[in-house]
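The values are calculated or read from the model by the stated rules, or taken from the named source; none is laboratory data. In this text the structure is predicted, and so the values were computed from the model without any measurement. Here Cβ is always computed from backbone atoms with ideal geometry, including for glycine, and neighbour counts include all displayed protein chains.
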Amino acid sequence: MEMLNDEYYMRLALQLAEKAIGQTGINPVVGCVIVKEGRIVGLGAHLQRGSHHAEVHALLMAGKEAEGATAYVTLEPCSHFGRTPPCADRLIAEKVGRVVVACTDPNPQVAGTGVERLRSHGIRVDVGVLEREARALNEMFNKFIVSGLPFVTLKSATTLDGKIAAKTGDSKWISGESSRARVHMLRHRHQAIMVGVDTVIADDPLLTARLELEAIQPVRLVVDSKLRIPLESRLVKDTSAKTIVLTTNQASIEQMLRLNALGVEVIKCSDGPQVDLRKAMAILTEREIGSILLEGGGKLNGAMLSAGLVDKVVLFLAPKIVGGAGAPGAFVLDGFERMADAIALERIDIERVGDDCCITGYPSPG
Ligand code: AOF
Ligand code: ZN
């Protein structure tokens with residue numbers, strides 16, 4: 001009975017959290033449901049970094065009803081003073097009777113201490129209800145908060161023969177409408193979108209999130225070692241999202257100033273001939289970008305994979321064959337000598353999306 005209750009309410013808390021993916025910046029998404037004698041008395045979600053945590057929203061709704069109630073939280077209540085005071089203390093002050101937690105908080109500032117704090121005040125705490133689902137919801141936060149590097153999702157759409165365009169460069173469209181709608185949701189859920197300058201020159205993409213719902217516009221990042229980005233490209237002209245160009249010392253100052261005047265920020269990420277991708281990631285971390293959707297082209301995909309900077313791959317495979325030895329592929333790499341050395345993905349999920357096949361996986365470390 002208790003088990004059934006716990007999963008029921010935790011699922012609701014997870015649903016509340018899930019809807020906020022994309023709007024909490026480098027913070028996790030968290031949901032909270034407070035239940036007393038079979039009635040829901042409070043609901044809450046963390047909606048924006050700097051504003052109330054999920055527990056506080058739910059406790060405010062519950063008011064005096066919180067006393068003796070059970071609080072279901074998708075992430076361990078925090079125990080530290082961040083932008084807001086500790087939730088564990090608030091739950092204690094409101095005299096909540098029991099706390100059910102889906103997963104502990106990997107943030108080193110919390111990491112189990114929230115649960116300990118509650119228990120030391122005599123509150124019963126059960127951890128691990130729908131833990132797998134809760135961890136998956138915050139996979140981006142989980143990586144960022146521990147490693148200090150953004151979580152990178154590489155997304156590509158290819159033909160069955162691995163091409164991202166025909167030999168003429170034509171690429172509209174490879175995947176079907178449903179797959180393309182998925183991509184806009186992916187954009188909405190990441191803080192930034194990253195492409196190489198060759199993609200800007202070839203496709204002149206807008207790189208905004210376009211959904212039936214109003215979408216959040218991620219920052220647009222262009223890796224461009226020589227500042228070849230055309231001043232008339234849509235990424236420069238369109239101001240509905242911020243554009244940042246990551247470059248090197250080879251960039252001409254004049255071109256940099258021209259871009260700045262058009263509202264584009266330019267950041268030097270290397271003294272050498274090419275953008276130091278690892279350094280670029282560290283600089284983006286300082287700017288509180290914790291998640292990036294990498295949208296090609298092949299050279300940047302290959303470089304990011306080789307540098308070990310890709311955390312997740314989402315590949316839409318369209319049931320068509322375009323051929324052409326010169327047609328570009330999704331992953332430009334020097335190539336391994338043995339199949340055993342290939343970059344392998346693990347934790348694979350395969351889903352049909354319209355007539356396309358969506359393969360999701362995580363590059364295995366090492
Ligand atoms: C919770 N409930 O709803 C969230 C938590 O800067 P702050 O104050 O917003 O704190 C951010 C940290 O707090 C974040 O890194 C994570 O460890 C935790 N987030 N904790 O109890 C919430 N959003
Ligand atoms: Zn908190």
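Can you pull out the residues in region 128-150 that are within 12 Å of Glu76 (Cα to Cα) and within 16 Å of ligand 2 (Cβ to nearest atom)?
Residue satisfying the conditions is Ala134 alone.
Here is a list of conditions, (1) exposed (fewer than 14 other Cβ atoms within 10 Å of the Cβ); (2) among the aliphatic types (A, V, I, L, M); (3) more than 22 Å from the chain's Cα centre (by Cα), and Ala251 meets all of them except one; can you say which number that is?
Among (1) exposed (fewer than 14 other Cβ atoms within 10 Å of the Cβ); (2) among the aliphatic types (A, V, I, L, M); (3) more than 22 Å from the chain's Cα centre (by Cα), Ala251 violates only (1).
So which strands (runs of 3 or more DSSP E) are wholly in region 277-366 and hold at least 3 residues that are of a type in the set (D, E, K, R) and at pLDDT 95 or above?
Because the criterion is at least 3 residues that are of a type in the set (D, E, K, R) and at pLDDT 95 or above, the strands (runs of 3 or more DSSP E) in region 277-366 that meet it are 345-353.
Is there a residue in region 169-185 that is within 26 Å of Glu286 (Cβ to Cβ) and not hydroxyl-bearing (Ser, Thr, Tyr)?
no
Would you pick out the residues in region 328-351 that are out of contact with any helix residue (DSSP H, G or I) (no Cβ under 9 Å at 6 or more places or on another chain) and aromatic (Phe, Trp, Tyr)?
Phe336
Among Val115, Val100, which is within 13 Å of ligand 1 (Cβ to nearest atom), under 29 Å from the mean Cα position of the chain (by Cα) and modelled with pLDDT of 95 or more? Give the derivation first.
Numbers: Val100 fails: within 13 Å of ligand 1 (Cβ to nearest atom).
Testing whether each residue is within 13 Å of ligand 1 (Cβ to nearest atom), under 29 Å from the mean Cα position of the chain (by Cα) and modelled with pLDDT of 95 or more leaves just Val115.
Could you grab me the full set of residues in region 122-159 that are touching a strand residue (DSSP E or B) at 6+ places or on another chain (Cβ under 8 Å), among the basic types (Lys, Arg) and not in a strand (DSSP E or B)?
Answer for region 122-159, where residues must be touching a strand residue (DSSP E or B) at 6+ places or on another chain (Cβ under 8 Å), among the basic types (Lys, Arg) and not in a strand (DSSP E or B): Arg135, Lys143.
From Ala69, Ala88, Ala62, which residue is under 25 Å from Glu18 (Cα atoms), more than 12 Å from ligand 1 (Cβ to nearest atom) and touching a helix residue (DSSP H, G or I) at 6+ places or on another chain (Cβ under 8 Å)?
Checking each option against the conditions leaves just Ala69.
Would region 121-141 turn up any residue that is within 11 Å of ligand 1 (Cβ to nearest atom), modelled with pLDDT of 95 or more and closer than 22 Å to Ile21 by Cα?
Scanning region 121-141, I find at least one residue that is within 11 Å of ligand 1 (Cβ to nearest atom), modelled with pLDDT of 95 or more and closer than 22 Å to Ile21 by Cα, so the answer is yes.
Looking only at region 177-218, filter to residues that are among the acidic types (Asp, Glu) and either buried (at least 17 other Cβ atoms within 10 Å of the Cβ) or farther than 17 Å from Gly354 by Cβ (or both); which one of those is nearest to the chain's Cα centre (by Cα)? So that I can check it myself, show each step before the final result.
Looking only at region 177-218, we keep the residues that are among the acidic types (Asp, Glu), and these are 177, 198, 203-204, 212, 214.
If we keep only those that are either buried (at least 17 other Cβ atoms within 10 Å of the Cβ) or farther than 17 Å from Gly354 by Cβ (or both) as well, we get 198, 203-204, 214.
Values: Asp198: 24, Asp203: 24, Asp204: 24, Glu214: 18 Å.
The residue in question is Glu214.
Answer yes or no as to whether Ala45 is within 13 Å of ligand 2 (Cβ to nearest atom), among the small types (Gly, Ala, Ser) and modelled with pLDDT of 95 or more.
So Ala45 passes the test.
What residue, among those in region 48-71 that are among the aliphatic types (A, V, I, L, M) and away from ligand 2 (no atom under 13 Å from the Cβ), is surrounded by the fewest Cβ atoms within 10 Å (Cβ to Cβ)?
Among them, the one singled out is Leu60.
Please go through region 113-172 and pick out each residue that is free of Cβ contacts under 8 Å to residues at least 12 places away in the same chain and not charged (D, E, K, R).
Within region 113-172, Ser120, Gly122, Ala136, Ser147, Thr168 meet the criteria.
Every residue in region 268-278 that is closer than 30 Å to Val183 by Cβ and surrounded by fewer than 16 Cβ atoms within 10 Å (Cβ to Cβ), please.
If the condition is that a residue be closer than 30 Å to Val183 by Cβ and surrounded by fewer than 16 Cβ atoms within 10 Å (Cβ to Cβ), then Gln274, Arg278 are the ones that fit.
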